[in-house]
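Only the coordinates and a few stated rules stand behind these numbers; no lab work does. Keep in mind the model is a prediction, meaning the values are calculated, not measured. For neighbour counting, all protein chains shown are included, and Cβ atoms are generated from backbone atoms with ideal geometry for every residue, glycine included.
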Amino acid sequence: MTKKRVLYRLLHILLVVIGVSFLSFLLMYAAPGDPVRAMYAVSGSIPPEEVLEQTREEMGLNDPFLVQYVRWAAGCLRGDFGTSYSQGLAVSGLLLERVWPTVQLALLSLVMMVALAVPIGMFSALRQNTRLDYLLRGITFVGISMPNFWVGLLLLYVVAMKLHLLPVVSTQMNFQRLILPALTLALAMAGKYARQVRAALLEELRQDYVAGARARGLSEGCILWRHVLPNAVLPLLTILGLSLGSLLGGTAVVEVIFSYPALGSLAIDAITSMDYPLIQGYVLWIALIYMAVNLAVDLAYHRLDPRLRKEGPA
């Protein structure tokens, strides 16, 4: 990918982030309810209306919309996303505190998903239209159909409560606490990716270069691992990048079920407490993550596929 195209993508990211920040701030501004009243309600007592009005004035909530947006956007450029109404802490600090647990959960769930999806997709493609293929396709269909919250509750009941292999809730941030939520996410994604791997492998196995490799006497294992599989995996990078962006944005339902302190549960708490600065910071974080992951996938695609490098800039 040329420098010109990279600069174009960075400009595109900037415009998207500006648009997302403006829309999110507009929606929070137009949302019903009083954030100041909600902020005091967290402490358990609501002061008189005069105090509420004075607090709104001090926080700048009585200023016009554009004034509030420009002030908030200028703070974001300095890394200051405001102060959380419900917790009284800096939004940037709260987000950063949840980033590492989110990254751990996302990476482990992706590793588990790949370990499940790739073998299933390969066996299904190599045994096309056999009983094994029908069985594996049926399993992946069931996996796609099961919602995350049901899989999570089922794993909790079987693994934690019946088999006692893992604790139901752990107060320590260790590897054991990651296993069940990561496995829940991996099972939900594995069915979809296994079918994608199967379709990609079948498409590549029909290509002329496979017939040519067989005519030259190459073994089936060499053809599969050195030629077919690398070409089949490339188209999956895009959806894999989207899944990574979604996971890094937080998986609220799974995090709530397993009491896992990541970005998704933080967003749920912010919504229930009408914590507008925290919601706006979270939405901006999601936009940045998606844009950055898409750019990284695009760069990796051009790096791994020599055909795109020969075509030059698009």
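For the chain, find the longest principal axis of its Cα atoms and tell me its angle to the long axis of helix 65-77, 0 to 90°, nearest 10. Between helix and principal axis, roughly 60 degrees. The residue among L187, V118, S219 whose Cα reaches farthest toward the positive pole of the charge dipole of the chain, with charges on the beta-carbon of Lys, Arg, Asp and Glu, is S219.
Of all the options P48, P32, P147, the one that moves most in a Gaussian network model of the chain with Cα springs shorter than 10 angstrom is P48.
What residue among I289, I279, I223 has the largest mean-square fluctuation in a Gaussian network model of the chain, using Cα springs under 10 Å? Between I289, I279, I223, it is I223 that shows the largest mean-square fluctuation.
Segment 54-91: which trypsin sites (Lys or Arg not before Pro) are DSSP loop and have at most 15 other beta-carbon atoms within 10 angstrom? Before the final figure, lay out the partial values.
On the way: sites: R56, R71, R78; in loops: R78.
Passing both the DSSP loop test and the Cβ count: R78.
Between V256 and V142, the contour length at 0.36 nm per residue exceeds the alpha carbon distance by 38.7 nm.
Could you pull out the trypsin sites (Lys or Arg not before Pro) across segment 177-284 that fall in loop regions by DSSP (anything but H, G, I, E, B) with no more than 16 other Cβ atoms inside 10 Å? Write down the numbers at each step before the final one.
Details: sites: R177, K192, R195, R198, R206, R214, R216, R226; in loops: R206, R216.
When the trypsin sites (Lys or Arg not before Pro) of segment 177-284 are filtered for loop state and at most 16 Cβ neighbours within 10 Å, R206, R216 remain.
Under 5 Å from the amide H of T83 lie the amide H atoms of V91, each residue being 5 or more positions distant or on a separate chain, with H modelled from the backbone and absent for Pro and chain starts.
Derived value for segment 149-301: Kirkwood hydrodynamic radius 18.5 Å. Basis is the mean of 1/r over every pair of different alpha-carbon atoms.
Comparing L95, L288, L61 in a Gaussian network model of the chain where C-alpha atoms under 10 Å apart are linked, the largest mean-square fluctuation is found at L61. Across segment 98-262, Cα pairs under 8 Å and at least six residues apart give a relative contact order of 37 percent.
What ranking do L107, L136 get, fewest neighbouring Cβ atoms within 10 angstrom at the top? List each step's numbers first, then the result.
Details: L107 15, L136 22.
So the ranking, lowest neighbour count to highest, is L107, L136.
Taking only DSSP H segments of four or more residues, each worth -39500 (n - 2.57), what value at 222 nm results for the chain once the sum is divided by all its residues, to the nearest 500 deg cm²/dmol? Present the calculation step by step, with values, prior to reporting the outcome.
Values: 16 runs with 232 residues, N = 314.
When only DSSP H runs of four or more count, the value is -24000 deg cm²/dmol.
Toward the positive end of the charge dipole of segment 165-282, with +1 on the Cβ of Lys and Arg and -1 on the Cβ of Asp and Glu, the farthest Cα among V253, A200, P277 is that of A200.
Compute, for the chain, the length of the dipole vector about the Cα centre, with Cβ point charges of +1 (Lys, Arg) and -1 (Asp, Glu) only. Units Debye, rounded to 20.
Details: 25 positive and 20 negative charges, 404 e Å.
I would put it at about 1940 debye.
Look at the dipole of the chain built from charges on Cβ: of L23, W72, L153, the Cα furthest out on the positive end belongs to L153.
The tail of the calculated P(r) for the chain, taken as Cα-Cα distances beyond 24 Å, holds 65 percent of the pairs.
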